[in-house]
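All remarks here apply to the structure that follows.
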Amino acid sequence: MDASRPAPALSSAVVHGATGYVGRHLVRGLLAEGATVLAVGRSAARLEALRESAGDDGTRLVPVVADVSADDGARHVAQQIADHGVVQAGFAAIGGWWEGSRLVDLDTQTWSSLLTSHLTAHFLAARATVPHLDPVGSAYVTLNGIATLQPEAGSGPVSVTGAGQSMLLDVLRAEDDRPAVRFHELCVVNPVVDDGDAADAPEAVVEISDVVSAALTLARSGEARTRRHELGRL
Ligand SMILES: NC(=O)c1ccc[n+]([C@@H]2O[C@H](COP(=O)([O-])OP(=O)(O)OC[C@H]3O[C@@H](n4cnc5c(N)ncnc54)[C@H](OP(=O)(O)O)[C@@H]3O)[C@@H](O)[C@H]2O)c1
């Protein structure tokens, strides 16, 4: 990438977890720079609210209602992306924070449900999206958090799935033979807050526009060798 020239704006992208906190800001950021966005979420009503909140930009939001943690939903997403054509970027902002029992006290049902939402959904989102990334130049960017870098007591399933999510991305990269398709993890190590709320926060935080900016920069012009970009202060 030639650092002296600004990377061109993205023209098409897929966002998984589009109706979550990080995901909906990513969608708005992409729409604002002129991209067509296939926004994947489980609730048609929440996707419609997101489209409306984007004003005129919302005409470029393509809602994809699907549960990407299951085969049927993932197949529907893959078909919708194929119908659109190749995309320049895919983002996965799936799975939020969870706190509960220590692992030794955790019931199997909760464990299985978190594996599904925080890891299987990432696997299926990637399976539905990565084959449709533009071979001429594109990126797949996954969001991750502090629990993947260090063991978080009381949030064991988030740490375990976060580590698995990182390795999933590494394997996708190792298996992909298209040199111009990049794979990046954006690891946000502090809680994310709305813009303007950082000054009053009692702990280190990251403002949401900095998360969006970092994710879009990675997608547009990340170095191929950048496996993980950490945002925030440990
Ligand atoms: N928020 C933070 O403070 C923070 C800090 C550091 C890192 N991060 C990272 O940012 C990413 C997104 O976090 P967030 O705060 O935006 O979380 P969030 O608001 O809880 O959103 C989570 C998203 O995951 C989707 N999801 C959950 N379970 C699913 C399932 N079974 N199948 C399919 N989709 C499912 C939800 O879909 P629906 O909308 O359809 O329910 C939602 O869009 C995570 O990787 C997290 O580690 C966040």
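For the peptides 130-137, 168-175, the ranking by mean Cβ contacts within 10 Å, running from highest to lowest, is 130-137, 168-175.
The smallest convex shape that holds all Cα atoms of the chain, its convex hull, gives 134 Å³ per residue. Its relative contact order, with pairs defined as Cα atoms under 8 Å and 6+ residues apart, puts region 12-231 at 18 percent.
Rolling a 1.4 Å probe across all protein chains gives Glu48 an accessible area of roughly 70 Å². For a Förster distance of 25 Å, can you work out the FRET efficiency between the beta-carbons of Arg60 and Tyr21, rounded to the nearest 0.05? Plugging the Cβ-Cβ distance into 1/(1 + (r/R0)^6) gives 0.70. Structure remark: mean-square fluctuation, Gaussian network model of the chain, C-alpha springs under 10 Å; the largest value among Val68, Val192, Val15 belongs to Val192. Subtracting the Cα-Cα distance of Thr226 and Asp194 from their residue separation scaled by 0.36 nm leaves 8.8 nm. Solvent-accessible area assigned to carbon and sulfur over the chain amounts to 52 percent, based on a 1.4 Å probe.
The residues Ile94, Ile208, sorted by heavy-atom accessible surface at 1.4 Å with ligands and nucleic acids left out, run Ile94, Ile208 from largest to smallest. Per residue, the chain reaches -11500 deg cm²/dmol at 222 nm when only DSSP H runs of four or more residues are counted, each adding -39500 (n - 2.57). With protein chains left intact and a 1.4 Å probe, residues in the chain average 48 Å² of accessible area per residue.
The values are calculated or read from the model by the stated rules, or taken from the named source; none is laboratory data. This structure is a prediction, so every number in the text was calculated from the model and none was measured. Positions of Cβ are backbone-derived with ideal geometry, glycine not excepted, and every protein chain shown enters the neighbour counts. Just the protein is used for accessible areas: all its heavy atoms, side chains included, with ligands, DNA and RNA removed. Shrake-Rupley method; radii C 1.70, N 1.55, O 1.52, S 1.80 Å.
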